[in-house]
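Step one of this worksheet: look at the structure below.
Coordinate-derived values only; no laboratory data. Note that the structure is predicted; figures quoted are calculated from it, not measured. Cβ placement follows ideal geometry from the backbone for every residue including glycine, while neighbour counts extend to all protein chains displayed.
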Amino acid sequence: MELKEHSFQTFFEPFRIKAVEKIRHTTRAQRIQHLQEANYNPFMLNSEDIIIDLLTDSGTGAMSSDQWAAIMKGDESYAGSPSYRNLNDGDIVPNNAHFDTTQANVETRGAKALNFPIPEALDPNIKVPFRGNMDINKLKELLSGQLKDKVAMVMITITNNAIGGEPVSMENIKMVSKLCHHHGIPFFLDACRFAENAWFIKTREEVYAHRTPLQIAREMFSYADGCTMSAKKDGLVNIGGFLVMNDDDLADKCRRELIISEGFITYGGLAGRDLEAMAVGLREVLEEDYLRYQVGFVKMLADLLKGHRIPVLTPPGGHAVYIDAAAMLPHIPKEQFPAWALGCALYMEGGIRCGELGGVMHGKDPKNNLKNENGELLRLAIPRRTYTESHMKYVAEVLEYVYRHKKKRSPGTHSPGKGGVGQRIQNHVGSYSLTSFQRSPGTHSPGKGGVGLSPKEVPYMKRFYRT
């Protein structure tokens, strides 16, 4: 009998590793000391003290041999380099969900950032193929009301990083584009993970099943008037980005601003070698083998965690797994920041650093209320082409250990016992004085003088393993 093509089930990375970086192991006692020295702020930890760093996927991935080769071709001329080919006070910028840095950029110009996620996006128990979609009805209501003239532009973030890294459907992009153009309002994409979004459209919207990621990406961008792009994600590079628009007059104004803030238009503050690596990365990121691996790698970690009964947003997105910390730690009120507490516990037990997307990251509104309406999520952002399956199994094992011991305590007491994980941090995890919270504008992390940095304040971490 003649054998036919067989699809094997074993998952493997579609690349070979040519260079490696040593991981320095630390002890639990050392990590407790590091956490205390960082005032229980994982952003303040030194990178050499991290075993697995899942804080962000932005600029932390590995580059390909073709990208390293392209670096040698970089032209460092000041002008004419071949590597290159306004909000007001009171304005409004709607988005499916602003990430915190995007929101900070909007608000520092005096404008107001509005989030219009679909209702299902905020319920982790509902499985939605395109959880990242924008709520069309809310956008219609805004553009038909008295505040229409205040809307400077509309944005959609692909994929939706603030809502679990979930994708946006092509149909949703088309509907938002049509609505914006009907009202004469510019429509922009925050496109830093455009390739992953294109892959989800290919695999979840039947009409696009036979289209290539490149073809899908071209169609996505055809509906927009411009885009912002951090190439540190789907550009597969460690630094860089770009701003693109169809309006020539607006582009000229931006170029004049660029001279003041970044440098000449042909390099924009970047070395020519970085631009060459970015150009290669933008092509590599649309390769189907790469996208199949990247999305599958994230799904593998999500499946491992679900197997340990860790509550995660499903189906997972393309760059990170999001843990519902409020569901995992129901004994910690949202006002006491369960996602931040969980992040600190993961570092203490396993040297793993993650990113909090909850009350600490989003800060407070003008009325001093916490802006964690999107929930208390802990993001495990996976650097591209950097870690292997065994690293993810270790992450899952540490999370299962923390989950299993979160309520462990001595009989007849209300505090964690000596056998419990919380022995050293029982007086720290889960609670602190709200007055200790300050956040530097435009940053992911609390600034100096912020979370837990004042010795006069109530200790930042408290009662992580409380029942």
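A few notes on this one:
- Virtual paramagnetic centre 7 Å along Cα→Cβ of residue 69, amide N under 17 Å, in the stretch 17-31: 17-19
- Reduced Cα scattering model of the stretch 317-366, Debye log10 I(q)/I(0), q = 0.15, 0.16, 0.25, 0.27 Å⁻¹: -0.43, -0.48, -1.01, -1.10
- Given charges at beta-carbon only (K, R positive; D, E negative), |dipole| of the stretch 178-247 in Debye: 180 debye
- The charge dipole of the stretch 107-245, taken about the Cα centre with unit charges on the Cβ atoms of Lys, Arg (+1) and Asp, Glu (-1), comes to about 160 debye, rounded to the nearest 20.
- Shape parameters for the stretch 1-157, alpha-carbon atoms, Rg then Dmax in Å: 24.0, 75
- Antiparallel %, DSSP beta bridges [both residues in the stretch 180-284], to 5: 60 percent
- Take the Cα of residue 144, step 7 Å toward its Cβ, do the same at residue 334, and the gap between the two points is 2.9 nm.
- The stretch 154-232 - share of DSSP beta bridges that are antiparallel (%, nearest 5): 10 percent
- For the stretch 230-283, the Cα gyration tensor yields ellipsoid semi-axes of 21, 13, 8 Å (square root of five times each eigenvalue, largest first, whole Å).
- Pair residue 37, residue 386: separation of 7 Å Cα→Cβ label points (nm): 2.2 nm
- Dipole in debye (nearest 20) - the stretch 41-169, about Cα centre, beta carbon charges: Lys, Arg +1; Asp, Glu -1: 580 debye
- Environment charge at residue 284 (Cβ cut-off 12 Å; Lys +1, Arg +1, Asp -1, Glu -1): -2
- Here the simple spin-label model places points 7 Å from the Cα toward Cβ, and for residue 401 and residue 206 these points are separated by 4.7 nm.
- Residue order, fewest to most surrounding Cβ atoms within 10 angstrom, among 340, 199: 199, 340
- Among 131, 24, 255, sorting on how many other beta-carbon atoms sit within 10 Å of each Cβ, with the fewest leading, yields 24, 255, 131.
- Seen from every direction in turn and averaged, the convex hull around the alpha carbons of the stretch 119-164 projects onto 3.8 nm².
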